[in-house]
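First up is the structure itself, then whatever we jot down about it.
The values are calculated or read from the model by the stated rules, or taken from the named source; none is laboratory data. Bear in mind that the values here come from a model prediction, so they are computed numbers and not experimental data. Every residue, glycine among them, receives a Cβ derived from its backbone with ideal geometry; neighbour counts consider all protein chains shown.
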Amino acid sequence: MIKVFKGVSFSDDTRDLEKGIDIFVETLHNKPFLDSIDKGNYKTKFIESKHLKDYFKTDMKIVGITGTNGKTTTASAIYSTLLDLGYKCALLGTRGFFMNDKKIRPKGLTTPSLLDLYEDIDLACEEGCKYFVMEVSSHAIVQDRISSLEFALKAITNITSDHLDFHKTLENYIEAKLSFFKDDEVLKVINLDDAKVARLRFYKDTYSYALESKATFKVNAYSLTNGIDAQVSFTLPDKTQEDAFLESSLYGVHNLYNALCALSCVKLLTKKPLQALCDALSGFGGVSGRAEVVSTKPLVIVDFAHTQDGMLKMFESFKGRPIHVVFGAGGDRDKTKRPLMGKVAKAYATKIYVTSDNPRSEDPELIIKDILSGMDDLSNVYVNKDREAAIKQAIAELDEKCVLLILGKGDEEGQIFKNETLPFSDKECVKKILTNISTTN
């Protein structure tokens, strides 16, 4: 796609060369297509991506967050904490583009195209932002959409199986994530409790966080009874230790990991006292559609979890009470995770409602069949490809001792079918059903 910036047209797509663009940006991703092109046939100026900084302002501290799960919450927590500390800051990711507590653009790709990204960074520089916090997807890493950006800090939350429709094998996916950290002279923050991520522990300028392992940022004790209460510590290279107490309204052990990652990043960036950072982070109320409490009586929670690991973390957050769950799986995406999602649901939930997610071009019933294949028996498993009907049944059969988890779509406001996208929000669906019940009673 052609990007016109300050009167100059740019592109990194070779198909745009015939349209007479001013500047073409060469990347590792488009190099195979350029090899067969005679550049002399065009008036276009060809530049390497590292020279984009000659046209776009990038003079700020860029923070990149990657990982299978937790990117959005962690990046948002960093952004919120930096704002509360008084810094001007931008946030770019799944939820959209934000600057200084204002939404600039709605949600799109987790990581946008190379030229869109540079334009966003330039705008943040113009607005005086000191930090630019962004989610970095595995697709963006492989497709060179973050080409030549100079990061001040990179962090990774975890690695589990996902996006194998694109990466083909789990090892390819792992290598894509880890390749983000191969450059020197950049601060790195890693989850030491994740065995795949722990491969990075010997990289230069690497700091770690953990609940179970011995790490730079450590949780010494915690409670998840009502939100998060945790005693955390930061150990300096000279073995000096700084302790603090964190209180958060976020739910679950996975959010404790997210909070710890965010604290680690902000501590390394700002070097402010750890307790001051915990106090600032306590004001972060979470992200819409991520472990979001839609109702307390009955307890209904909507979350974006759409992998086996993401579901597991949600289930483990509510081990103290019976769990009912509504979920499906996306069509035209990694099929290998479907039976694994079914297996973990069967292991933890007392009632399971399998339904549609975003079926896209696939038959919803076949997707459901893939999910069911991972269950050893189908007792207390209910199938309804109509997502609203499945949610309605789940709420009708919910008692006050249970928690209902509605997983997979988070804050999405549409459901994608083969030829159309229909308006649909899990959160609004729950509210409507509960309101009807209240009115009827």
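When you look at Ser213, is it surrounded by fewer than 19 Cβ atoms within 10 Å (Cβ to Cβ), small (Gly, Ala, Ser) and either assigned by TED's automatic domain parsing to the domain that holds Ser147 or over 20 Å from the mean Cα position of the chain (by Cα) (or both), yes or no?
Details: surrounded by fewer than 19 Cβ atoms within 10 Å (Cβ to Cβ): yes; small (Gly, Ala, Ser): yes; either assigned by TED's automatic domain parsing to the domain that holds Ser147 or over 20 Å from the mean Cα position of the chain (by Cα) (or both): yes.
Yes, satisfied.
Answer yes or no: is there a residue in region 46-54 that is assigned to a strand (DSSP E or B), outside the structural domain of Leu149 (by TED's automatic domain parsing) and in contact (Cβ under 8 Å) with a residue 60 or more places away in the chain. It would help to see each step written out before you state the result.
Going residue by residue through region 46-54, those that are assigned to a strand (DSSP E or B) are 46-48.
Now restrict to residues that are outside the structural domain of Leu149 (by TED's automatic domain parsing): 46-48.
Now drop any that are not in contact (Cβ under 8 Å) with a residue 60 or more places away in the chain, which leaves 48.
Within region 46-54, one or more residues are assigned to a strand (DSSP E or B), outside the structural domain of Leu149 (by TED's automatic domain parsing) and in contact (Cβ under 8 Å) with a residue 60 or more places away in the chain.
Please count how many residues of region 417-441 are touching a strand residue (DSSP E or B) at 6+ places or on another chain (Cβ under 7 Å) and either of a type in the set (D, E, K, R) or crowded, with 19+ Cβ neighbours inside 10 Å (or both).
5
When region 102-141 is examined, which residues are found to be outside any helix (DSSP H, G or I), charged (D, E, K, R), more than 13 Å from the chain's Cα centre (by Cα) and closer than 15 Å to Ala75 by Cβ?
Residues of region 102-141 outside any helix (DSSP H, G or I): 102-113, 127-137.
When the remaining residues are screened for being charged (D, E, K, R), the result is 102-103, 105, 107, 127, 130, 135.
Add one more test, that the residue is more than 13 Å from the chain's Cα centre (by Cα), and what stays is 102-103, 105, 127, 130.
Within region 102-141, just Lys103 meets the criteria.
Could you say whether any residue in region 65-79 is out of contact with any Pro (no Cβ under 9 Å at 6 or more places or on another chain), under 20 Å from Asp144 (Cβ atoms) and assigned to a strand (DSSP E or B)? Spell out the reasoning first.
So the first thing to find is which residues in region 65-79 are out of contact with any Pro (no Cβ under 9 Å at 6 or more places or on another chain), and the list is 65-79.
From the residues that got through so far, the ones that are under 20 Å from Asp144 (Cβ atoms) too are 65-67, 71.
From what's left, assigned to a strand (DSSP E or B): 65-66.
Scanning region 65-79, I find at least one residue that is out of contact with any Pro (no Cβ under 9 Å at 6 or more places or on another chain), under 20 Å from Asp144 (Cβ atoms) and assigned to a strand (DSSP E or B), so the answer is yes.
Let me confirm something: among Lys182, Lys168, Lys154, which residue is modelled with pLDDT of 95 or more and not assigned by TED's automatic domain parsing to the domain that holds Leu28? Break it down into steps so the answer makes sense when it comes.
Working: Lys182 fails: modelled with pLDDT of 95 or more; Lys168 fails: modelled with pLDDT of 95 or more.
Answer to the check: Lys154.
Need a quick list: helices (runs of 4 or more DSSP H) entirely within region 285-396 having at least 3 residues that are at pLDDT 95 or above and surrounded by 23 or more Cβ atoms within 10 Å (Cβ to Cβ).
Details: elements: 308-316, 337-348, 364-372, 387-396.
Of the helices (runs of 4 or more DSSP H) lying wholly inside region 285-396, those with at least 3 residues that are at pLDDT 95 or above and surrounded by 23 or more Cβ atoms within 10 Å (Cβ to Cβ) span 337-348, 387-396.
Among the residues of region 189-202, which ones are modelled with pLDDT under 95 and within 21 Å of Lys271 (Cβ to Cβ)?
Once the filter is applied, which keeps residues that are modelled with pLDDT under 95 and within 21 Å of Lys271 (Cβ to Cβ), region 189-202 yields nothing.
For Ser213, all conditions in the list (1) part of a loop (DSSP other than H, G, I, E, B); (2) within 23 Å of Ala152 (Cα to Cα) hold save one; what is the number of the exception?
Answer for Ser213: the failing condition is (2).
So, in region 13-50, how many residues would count as being under 24 Å from Leu123 (Cα atoms), out of contact with any Phe, Trp or Tyr (no Cβ under 8 Å at 6 or more places or on another chain) and either of a type in the set (Gly, Ala, Ser) or surrounded by 14 or more Cβ atoms within 10 Å (Cβ to Cβ) (or both)?
Residues meeting the conditions: 3.
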